[in-house]
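Asker: Next up is a structure, given as structure tokens.
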Amino acid sequence: MKIDVFTLFPEWFEWFAAQRHVANVLASGSRLELVNPRDHTPLSGRQVDDTPFGGGAGMVLRVDVLDAALRARYGIDPVQLRERRRVIALAPGGRMLDDELVDELAAEPELTLLCGRYEGFDERIVEHFAGDVISIGRYVLSGGELAAMVLCDAVLRKLPGALGHADSAAEESFSAALGGDPEYPHYTRPAEYRGWRVPEVLLSGHHEQIAAWRRERSRERGAGEDRGPAAS
Ligand SMILES: C[S@@+](CC[C@H](N)C(=O)[O-])C[C@H]1O[C@@H](n2cnc3c(N)ncnc32)[C@H](O)[C@@H]1O
């Protein structure tokens with residue numbers, strides 16, 4: 001998997017790339033590379049944005065700047081680029097990122113993520129350069145960097161070598177192994193703490209009963225029957 005992130009703040013990703021599960025995947029041959037549109041802008045003074053036509057607050061990322069940055073990186077017209085690789089604009093109003101979409105993206109050999117800032121993208125970037133618009137939630141972040149990291153984290157942890165234990169990702173929330181339901185609750189030592197006892201079945205050593213109990217708890221959570229943390 002090769003992921004290119006176009007961002008005005010590439011240094012944000014230094015911490016992210018150093019995290020163990022990300023570093024593991026990168027050491028196994030995947031790549032995460034940062035491109036700063038400021039390094040490729042045809043405008044003077046490293047300008048990348050401008051005031052919106054029609055008025056209003058904020059600055060808008062310019063289409064000619066993204067065109068130049070994408071051309072510099074891939075050597076072709078970005079309009080053709082999206083036919084060859086998945087180019088994703090991150091935006092609050094985009095398609096919601098969920099486990100199904102993460103699986104879809106994890107199967108791609110290459111991804112390009114475009115991070116907006118300030119007021120966001122000139123709409124022609126979204127219309128002509130991006131093949132997808134993805135949101136990580138119905139709220140507004142200051143920029144696409146955290147959204148890109150969320151997407152990368154969710155995608156990269158699906159790849160071989162990311163997690164220490166191969167089974168960790170096989171049976172977790174929303175996986176096929178759990179029928180798309182959230183994961184069941186986990187407990188560890190001590191078996192009793194402040195009078196709060198771990199469910200007996202988990203201490204029984206009876207694998208079939210444990211599996212059945214876990215499946216049932218997952219189903220309850222999927223059906224919204226789990227009431228969540230108890231009020232204290
Ligand atoms: C301040 S936001 C722009 C918000 C835009 N003016 C609006 O109201 O939709 C700047 C950039 O952050 C990113 N962003 C913010 N919230 C996001 C979200 N929930 N999901 C994905 N990207 C987001 C996008 O790349 C966006 O262009």
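Throughout, read-outs are computed from the coordinates displayed, never taken from laboratory work. Keep in mind that this is a model prediction, so the values were computed, not measured. Positions of Cβ are generated from backbone atoms using ideal geometry, with glycine treated the same way; all protein chains shown enter the neighbour counts.
Asker: For segment 2-156, what is the relative contact order in percent, using Cα pairs closer than 8 Å and at least 6 residues apart in sequence?
Answerer: Computed over segment 2-156, the figure is 28 percent.
Asker: For the chain, divide the Cα radius of gyration by the Kirkwood radius and give the resulting Rg/Rh value with two decimals.
Answerer: Here Rg/Rh amounts to 1.08.
Asker: Step by step: find N for segment 1-116, compute 2.2 N^0.38 Å, then divide the Cα radius of gyration by it. What's the final number?
Answerer: 1.16
Asker: A further question follows. Please work out the C-alpha center-to-center distance from segment 61-96 to segment 147-206 and express it in whole Å.
Answerer: Taking the Cα centre of each part, segment 61-96 and segment 147-206 sit 36 Å apart.
Asker: Loop only by DSSP, 14 or fewer other Cβ within 10 Å of the Cβ. Give me the chymotrypsin sites (Phe, Trp or Tyr not before Pro) in segment 1-100 that pass, ordered by residue number.
Answerer: Those satisfying the criteria are F53.
Asker: Now for a different question. Go through P92, L34, M149 and say which Cα lies farthest out towards the positive end of the charge dipole of segment 2-156; charges sit on Cβ, +1 for Lys and Arg, -1 for Asp and Glu.
Answerer: Selected residue: L34.
Asker: Cut-off 10 angstrom, C-alpha nodes, Gaussian network model of the chain. Which of T51, T112, T188 fluctuates the most?
Answerer: Looking only at T51, T112, T188, the largest GNM fluctuation is found for T188.
Asker: Let me know the volume per residue of the alpha-carbon convex hull for segment 74-199, in Å³.
Answerer: 155 Å³
Asker: Can you tell me the alpha carbon radius of gyration of segment 170-222 divided by the globular rule-of-thumb value 2.2 N^0.38 Å?
Answerer: This ratio for segment 170-222 stands at 1.21.
Asker: Summing +1 for each Lys or Arg and -1 for each Asp or Glu, what net charge is found among the other residues whose Cβ lies under 12 Å from the Cβ of V25?
Answerer: Around V25, the charge tally is +4.
Asker: If I stretch the segment between E200 and E33 completely, what's the gain in nm (0.36 nm per residue apart, minus their alpha carbon distance), one decimal?
Answerer: The span from E200 to E33 would gain 55.3 nm if fully extended.
Asker: Using unit Cβ charges (K, R positive; D, E negative) and no other charged atoms, how large, in debye to the nearest 20, is the dipole of the chain about its Cα centre?
Answerer: Charge dipole, the chain, about its Cα centre: 400 debye, nearest 20.
Asker: So, one more: For the chain, list the DSSP H helices whose alpha carbon atoms reach 15 Å or more along the long axis and whose average Kyte-Doolittle value is -0.5 or above?
Answerer: Both cut-offs are met by 63-74, 144-156.
Asker: Excluding H40 itself, what net charge comes from residues whose Cβ is under 9 Å from its Cβ, given Lys and Arg +1 and Asp and Glu -1?
Answerer: Surrounding charge for H40 is +2.
Asker: Mind pulling up the Rg/Rh value for segment 132-232? Radius of gyration and Kirkwood radius, both on Cα.
Answerer: 1.05
Asker: I would also like to ask the following. Residue separation times 0.36 nm, minus the C-alpha to C-alpha distance between A107 and D77: what's the value?
Answerer: 8.3 nm
Asker: Of all DSSP beta bridges in segment 2-156, what percent run antiparallel (nearest 5)?
Answerer: Here the antiparallel bridges make up roughly 10 percent for segment 2-156.
Asker: A further question follows. Please identify the chymotrypsin sites (Phe, Trp or Tyr not before Pro) of segment 115-221 that satisfy two criteria: DSSP loop assignment and at most 11 other Cβ atoms within 10 Å. Which are they?
Answerer: Those satisfying the criteria are Y139.
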